[in-house]
Amino acid sequence: MITLENSRTNVDAYESFFLHQGEEGIHAFRKQVELVSQKLQEVITEADNPFIGKSPEDIKSEIQPMMEFTKETQSLKEVLDSMEDPILKNSLHISHEKSIAHLHCPPLLPGIVAELVIGTLNQSMDSWDQSTAATYVEEEMVKKIAEKAHLPETADGVFTSGGTQSNYMGLLLARDSFCHTYWDQRVQQDGLPEGFGRLRIICSEEAHFTVKKSAAHLGLGEQAVVTIKTDAHHRMKVDDVKQTLAQMETDNLLPFAIVATCGTTDFGSIDPLPELAEVSEEHNIWFHVDAAFGGGLLFSHSHCKKVNGLQLADSITIDFHKLLYQPISCGLFLVKDQNNFHYLSHHADYLNPVRDEEDGIVNLVNKSVQTTRRFDALKFFLTIKTLGTNLLGSMIDDTLELAKETANYLKGLESFSIQNVDPELNTVIFRFQPKASISIDGNDLNRSIQQQLLHEGKAVVAKTSFNGDTYLKFTLLNPRTTFSDMKEVIHDIEGIGNQLVNGGVKC
Ligand SMILES: *Cc1c(COP(=O)(O)O)cnc(C)c1O
């Protein structure tokens, strides 16, 4: 017969796998953190290129065999050694000066070490009794950012997994607040009202795809999103918005949200926020600003004026894991009137009973679409306290300056054509296009250049399409990337381009 005691045979082995006051726990913690730090130092010291350049198949075949679950315990050192080649070295080195593809930033060291604190404390932001101090750190951080954005005192917000979730939340609150006032219907309780098929969301044709995705998740379908043409600077045309609204009235449609983008993913363009706020106000429509990218300009010294109008939004999306250098994930959703959070709060007896609220206990689950939630606010806290706003601001400004210099340089080169000579944010959109007539399709050519750069490990740049053509894209988020790095990358692009033109495109 198994007794209670001898059914717990491995108790001793547990000691070095959890944090505890005992010497063994503390020692194991120190040792493991040291080992990880050492291994990462080795890998980073050796990483000359932003990417090792292997093919997807090769990487997959290195990963697969090591994924077998092991039965017996193994030392951390052994496991770290075994993952060095297939995982660590095959990863994209996002902190490399020539990792310049997407809105994917090199994380700041304070953000990285904050991840260790976050994991160690493992607070859960849903209820106060799981995040006793963290709740207030997040609350105060939200307040400070709302002040920075010049939102009124009624404003509130919550940390999110990123722009996707923040955009979804903005449109969720917009939908439910509209259905409440227009139909006197509580969507949360009663579902969508009859006639919901008439609901419409307005955004520019260059808005992020998550506006459509949100519409789909909100039961409205992507058909509910009406896109507006953009001007030569890729900004939503306000006159077209007005015309669309007039037409919608004629057609008996119900526009309930205008989504402006403050920093589009490709061109970094900023919709005319004050004008769009005015139109929204006139028509009594919720004004959401997707500032996932551009919201970081709140901390810029030279460019913060560009986000003027943000303070007029009913709700705002800001990503800290883009222009503000935080490890993924770290996003923020802000709302001008905190009462709107009622549309998503749900009282669970075990987590956030009404009684808690009466007693003044703050349970952040009331403001989130998540339940268990990370203490991501700590990353930005540690960043802002250690760097200070002066240094953070100049980092952002320097990257915008680099984008300008790079665009200007490309403009002067014969073999390139550039789409945004005067970049609004950190992106440069261009293509290799030699003057002499070439027999290769320009789209195939630029796609091949991007591939080859990646597989030679020289630089990680992005490709995008504009007006049906393939373009290359730099997203210059790393303040350590220099103009001479950029000249090297451009030189490499030209070299590969010429080679392909002369030797034909490999497929
Ligand atoms: C990145 C981005 C999003 C999506 O945000 P995630 O953090 O990736 O979820 C939404 N809108 C814009 C403009 C973005 O740049």
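No value in this document is a laboratory result; all are computed from the given coordinates. Not measured: the values here are computed from a predicted model. Glycine also receives a Cβ, built like all others from the backbone with ideal geometry; neighbour counts cover every protein chain displayed.
Quick notes on this one:
- Ranked Thr261, Thr399, criterion: other C-beta atoms within 10 Å, fewest first: Thr399, Thr261
- Using a Förster distance of 56 Å, the FRET efficiency for Glu456-Glu147 (Cβ separation, nearest 0.05): 0.75
- Reference-scaled alpha-carbon Rg (2.2 N^0.38 Å with N residues) for the chain: 1.09
- Compared with the alpha-carbon gap, the fully stretched path from Ala216 to Met83 is longer by 44.0 nm at 0.36 nm per residue.
- Projecting the Cα atoms of Gly442, Leu391, Phe483 onto the charge dipole of the range 388-502, computed from C-beta unit charges around the Cα centre, puts Gly442 farthest toward the positive end.
- Estimated from the Cβ-Cβ distance and a Förster radius of 56 angstrom, the FRET efficiency linking Asn284 and Asn122 is about 0.80.
- Residue order, fewest to most beta carbons within 10 Å, for Phe69, Phe267, Phe381, Phe29: Phe69, Phe29, Phe381, Phe267
- Per-residue ³J(HN,Hα) for the range 426-435, Karplus 6.51 cos²θ - 1.76 cosθ + 1.60, θ = phi - 60°, Hz, x for Gly and Pro: 9, 9, 10, 10, 7, 9, 7, 8, x, 5
- Compactness of the range 388-502 is given as radius of gyration and Dmax, 14.5, 53 Å, from Cα positions.
- Efficiency of FRET from Cβ geometry, Thr250 and Thr45, R₀ 51 Å, rounded to 0.05: 0.20
- Exposure proxy ranking, count of Cβ atoms within 10 Å, fewest first, for Arg447, Arg200, Arg175, Arg355: Arg355, Arg447, Arg200, Arg175
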